[in-house]
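Structure first, then comments.
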Amino acid sequence: MQSKKMEKALNKQINEELFSSYLYLAMSAWFESRNLPGFAQWMKVQAGEENEHAMKIFNFIFERRGDVELEAIEKPQAAWKSPLDAFEAAFKHEQHISGCINDLMDLAISEKDHATQAFLQWFVNEQVEEEASADAIVQQLRMIGESKNALFMLDRALGQRQAD
């Protein structure tokens, strides 16, 4: 059984993960409206992953005999200046989520909650991948600059992403 403090923090993280899913879905819609279906596909897959992360935490709380309390999900931003602006926002958001996961891990350590520490280690590792993935696309978009041909090629490449 975990402490109420840990349970409350995990419930907050469910909201963070669901907001992430919502944000990436909003980005997908924005890319779709800009006729960039590959970028939209990448973001749809990302939205699905974030929802899976929320469900991992949801199920873990119940495994520890806790209670899930869902809160309202904040409305995400709906428009960006450019594909680069959107991916810079995604990268910044992933850095925020990494900070949230680190805070959870710090709490689990301070509470001597070894089960939650072990559970959260997957998220710590996942955030390294999440940040690297978003940053790689930011760097590619910076490299191509204003080239419409390169943007088209990147759009095609990103469209190949499938859910795991």
Original post:
Which one of the conditions (1) in a helix (DSSP H, G or I); (2) at pLDDT below 95 does residue 146 fail to meet, given that it meets all the rest?
Top reply: (1)
Subject >> Check on residue 94, surrounded by 16 or more Cβ atoms within 10 Å (Cβ to Cβ), acidic (Asp, Glu) and within 15 Å of residue 138 (Cα to Cα) >> reply: yes
Subject >> Qualifying residue in the stretch 80-90 (condition: free of Cβ contacts under 8 Å to residues at least 60 places away in the same chain, farther than 20 Å from residue 137 by Cα and exposed (fewer than 14 other Cβ atoms within 10 Å of the Cβ)) >> reply: no
**OP:** Could you check, for the stretch 101-110, whether at least one of its residues is over 18 Å from the mean Cα position of the chain (by Cα), part of a loop (DSSP other than H, G, I, E, B) and of a type in the set (Asp, Glu)?
**Re:** no
Original post:
Identify, please: which residue in the stretch 149-164 is charged (D, E, K, R) and either in a helix (DSSP H, G or I) or under 11 Å from residue 36 (Cα atoms) (or both) and is, among those, farthest from the chain's Cα centre (by Cα)?
Top reply: 156
**OP:** Working carefully through the options 87, 119, find the one that is under 18 Å from the mean Cα position of the chain (by Cα), more than 19 Å from residue 58 (Cβ to Cβ) and assigned to a helix (DSSP H, G or I).
**Re:** 87
Original post:
Only one residue in 33, 3 is more than 23 Å from residue 78 (Cβ to Cβ), out of contact with any helix residue (DSSP H, G or I) (no Cβ under 7 Å at 6 or more places or on another chain) and not charged (D, E, K, R). Which one?
Top reply: 3
**OP:** Name the single residue, out of those in the stretch 45-68 being among the aliphatic types (A, V, I, L, M) and without any contact (Cβ under 8 Å) to a residue 40 or more places away in the chain, that is surrounded by the most Cβ atoms within 10 Å (Cβ to Cβ).
**Re:** 47
Subject >> Count of residues meeting criterion [closer than 23 Å to residue 27 by Cα and either not in a loop (DSSP other than H, G, I, E, B) or not hydrophobic (A, V, I, L, M, F, W, C) (or both)] in the stretch 65-83 >> reply: 8
Original post:
From the residues in the stretch 106-123 that are within 23 Å of residue 51 (Cβ to Cβ) and polar (S, T, N, Q), which one is surrounded by the fewest Cβ atoms within 10 Å (Cβ to Cβ)?
Top reply: 121
Subject >> Qualifying positions in the stretch 123-163 - touching a residue at least 12 places away in the same chain (Cβ under 8 Å) and of a type in the set (D, E, K, R) >> reply: 126, 130, 131, 135, 142, 155, 156, 161
**OP:** Please state which one of 131, 146, 126 is loosely packed, with under 12 Cβ neighbours inside 10 Å, within 30 Å of residue 37 (Cβ to Cβ) and of a type in the set (D, E, K, R).
**Re:** 146
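The values are calculated or read from the model by the stated rules, or taken from the named source; none is laboratory data. Note that the structure is predicted; figures quoted are calculated from it, not measured. When we count neighbours, we look across all protein chains shown, and the Cβ atoms used for this are built from the backbone with ideal geometry, even at glycine.
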